[in-house]
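Chemist: Handing you this structure, nothing more for now.
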Amino acid sequence: MRTTPCVLLALLVGSVSRAGQPPPETAAPLSFESSELKDLAGTWGEPFRALMVMPGVSHVVSGASLPVVRGAAPSSTGFYLDGVRVPRLNHLWVGPSALHPELVSGLDFHRGPAPARFGRELGGTVNARLLPPSTEAVRAAASIDLFNVGVLTQVPIASTGTEFTLAGRFAYSPWIAAAVINGTRGTPGPDLVLGLFDYQARVTQSVGRGSLRLFALGASDDAGLSGPGDVVRVGTAFHRVDLRLTHPLGVGEAEAAVTWGQDTLGATGGGEASRVSVGLSERTLGARMAWRATLSQGLAVEAGADVERRSADTEQSTTFRPGEAGDPQRPTVTTGGPQSLARVTLAGAYAQATWTQGMWRLTPGLRVDGYLLAPALNRVAVEPRLHARAVLSETVALRLGAGLRHQAPNHLLDVPGVQSAALRLGLQRAFQVEAGADVRGPAGFTFGADVFVHPMLRTVELDVLSFDMLADDPVARGRERTAEGHGYGVELLARRALSERWSLLASYTFQRRTLNTRVERRDGAGQVVGTEVVPLPSALEQMHVLNAAVTVKLPWGLTVGTTLHYNTGAPEAGGLLFSYTQREGVDPVRGTTRWVPEDRDRVTRLPGYFRVDGRVSKTGTLGPLAAEAWLDVFNLSLTRETFRYTYGSEKGELVRKPFGLPPVTLPSLGIRASY
């Protein structure tokens, strides 16, 4: 933290400019057009994957587009598509985007306290701006790569003021691979199932001076083994339908919308004699309204409210066939069935004003949320927000943001029904403060520097391996998993848009996130001899993260780019992916050496990880068609990320080895045509 003033001073001194306009906002929010992101190497042309190179963002596993914003779990970050909140933006959480990339025109990324209209999340907030409706001519685009085939079309009807937008992608290569494998298998057994697709549809209709929009989107994933024999299969899906009316009202514009949604997750595993199926589903019905107006040259106001009803259910069944294997007369017995998980009502209201006078711009806001989970929880959360900006000169501006935020307890990933059921454990609460500077530099450069402090007043960490949403005692479980802590860090950004020949997007993040946690003290034999409450780093904490993406335009329509990434390792503290640090101990019976668990506050960190991505593309025209061919390779450097160790012995010696997963390199070779 002591180096922060020096870094800020270096940015200010090193960016003297003769520009005649105020410096842009590079951090509240970070705003990008999709054209600035689609050529970044390692993103496969998907704007949401570009979040992984932003300041304040680290990852769980490299290649998985699961942003860890300022140390918070990926499910703590809210994703919105033009105001519609969606649970996830990737197939199977870590795969390709579940939204057609060309449907996104830009992103607004809030790393800290977001505007008052956003609520119920402790991490970042991402609001994607959708492609505007086409008003003049039919537009169409088609693409195919090694994994997906996708289409997008826009059809305007000028005589009626109507516009249709249809888009979608289908993962054809996994489907073909599964069909080939199943067709060439010589012995009977379960079939391989691999299927991923998504869809988006929008109808926009002019209504007087306003507009009516119907927007539907969804995604479905299915992977595993199905049929006779030993099987394991996972399926996920989500759907959203949003009807929104915007219309002038008084001196401003009013918005009213209704949203329906459904999320499902199902898993099946077992053999011929016994199988277990588990399913989670959540249905949502919500409404929102807002009014925005510019009352004068220096004053703008916004107010709104929203309400949402969530119904979460679970279904668990076990099917077994008693008797001799191979007997066709064996009976089939099924136990279990559906069960209600949670019925939650969420309601919120907010108001904020933006006052601009001279060098100052102040945006105070207030949000009030009600959480009702009968009979376990009935809570009202009041969240004041404040954003301030001072333009000191033509090249330098300072920013300040602060706000109180709440969220239901959550797992690492956003799973249907989990947050609704986990409300029994109470609300998480954190106060977020950030201060920063924006600097306009020479040659089109802009710089940003931020310092943030996030006191975590109450957190509830859920264990995905043992948390039972139906049977746990909410009082005891909530007390056991409740902790206080704090996060702080520094974020730096250098940015140059692709204007003429080349662009740059570089970021550095130093971050810490610690929680006061009870740890077990163990003796040399690994036996627990006591406990102590100490501040522990978060299991997802990567202290240093560095990204640098460079894109260069060459003659003949060629564009090349590379992305360099480095991060220090997270604590080796166990969980779904990471191993837990072991130390040399003594077997109390045999007196021989063996591995025993290290105390949690003394675990080591995993090794750092360095990666190089590369991209090359060629654009051209053929009559009315515009075409592009590209090759985008993630992990061109063929480096390996270590997130596990194995602890064993060889020839009487204790041996610790890194997990033997080969380097993961993912190429994307494709073509795109549009008119």
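Chemist: Checking PRO588 against (1) modelled with pLDDT under 90; (2) touching a helix residue (DSSP H, G or I) at 6+ places or on another chain (Cβ under 8 Å): exactly one of these is not met. Which one?
Modeler: Here PRO588 meets the rest and fails (2).
Chemist: With respect to the numbered conditions (1) open to solvent by less than 10 Å² (accessible area, probe 1.4 Å); (2) touching a residue at least 40 places away in the same chain (Cβ under 8 Å); (3) part of a strand (DSSP E or B); (4) touching a Ser or Thr at 6+ places or on another chain (Cβ under 7 Å), which one is the sole condition not fulfilled by LEU152?
Modeler: Looking at each condition in turn, LEU152 falls short on (4).
Chemist: On to the next question. Restricting attention to the stretch 558-593, and to residues there that are of a type in the set (A, V, I, L, M, F, W, C), closer than 30 Å to SER637 by Cβ and assigned to a loop (DSSP other than H, G, I, E, B), which single residue is most open to solvent (accessible area, probe 1.4 Å)?
Modeler: Among those residues, the one meeting the criterion is LEU576.
Chemist: Taking the condition of being acidic (Asp, Glu) and surrounded by fewer than 20 Cβ atoms within 10 Å (Cβ to Cβ), how many residues in the stretch 120-136 meet it?
Modeler: Within the stretch 120-136, residues that are acidic (Asp, Glu) and surrounded by fewer than 20 Cβ atoms within 10 Å (Cβ to Cβ) number 1.
Chemist: Additional query: Going through LEU392, LEU373 one at a time, which residue ends up being among the aliphatic types (A, V, I, L, M) and open to solvent by less than 20 Å² (accessible area, probe 1.4 Å)?
Modeler: Criteria check complete, one pass: LEU373.
Chemist: With respect to THR259, is the statement that it is open to solvent by less than 20 Å² (accessible area, probe 1.4 Å), of a type in the set (S, T, N, Q) and under 26 Å from ASP414 (Cβ atoms) true?
Modeler: Taking the combined requirement at face value, the residue does not satisfy it.
Chemist: While we're on this one: With the stretch 387-460 as the region, which strands (runs of 3 or more DSSP E) entirely inside it contain at least 1 residues that are more than 24 Å from LEU373 (Cβ to Cβ), touching a helix residue (DSSP H, G or I) at 6+ places or on another chain (Cβ under 9 Å) and hydroxyl-bearing (Ser, Thr, Tyr)?
Modeler: Strands (runs of 3 or more DSSP E) meeting the threshold: none at all.
Chemist: A further question follows. What number of residues within the stretch 538-547 satisfy the criterion of being touching a Lys or Arg at 6+ places or on another chain (Cβ under 7 Å) and either under 15 Å from GLY485 (Cβ atoms) or of a type in the set (Lys, Arg) (or both)?
Modeler: 2
Chemist: With the requirement that a residue be out of contact with any Phe, Trp or Tyr (no Cβ under 8 Å at 6 or more places or on another chain), of a type in the set (Ser, Thr, Tyr) and at pLDDT 90 or above, what does the stretch 611-648 give you?
Modeler: Passing the criteria: only THR619.
Chemist: Condition first: over 24 Å from ALA293 (Cα atoms) and in contact with a strand residue (DSSP E or B) (Cβ under 8 Å, 6 or more places away or on another chain). Now tell me which residues in the stretch 350-381 satisfy that.
Modeler: Hits for the stretch 350-381 are GLY370, TYR371, LEU372, LEU373, ALA374, LEU377, ASN378, ARG379, VAL380, ALA381.
Chemist: In the stretch 637-663, what residues are assigned to a loop (DSSP other than H, G, I, E, B), open to solvent by 70 Å² or more (accessible area, probe 1.4 Å) and in contact (Cβ under 8 Å) with a residue 40 or more places away in the chain?
Modeler: Within the stretch 637-663, ARG644, PHE659 qualify.
Chemist: Looking at the stretch 301-333, which of the residues that are of a type in the set (S, T, N, Q) and loosely packed, with under 15 Cβ neighbours inside 10 Å is modelled with the highest pLDDT?
Modeler: THR318
The values are calculated or read from the model by the stated rules, or taken from the named source; none is laboratory data. Please read these numbers as outputs of a predicted model, since none were measured by experiment. Positions of Cβ are generated from backbone atoms using ideal geometry, with glycine treated the same way; all protein chains shown enter the neighbour counts. Surface areas here come from the heavy atoms of the whole protein model, side chains and all, with no ligands, DNA or RNA. Shrake-Rupley method; radii C 1.70, N 1.55, O 1.52, S 1.80 Å.
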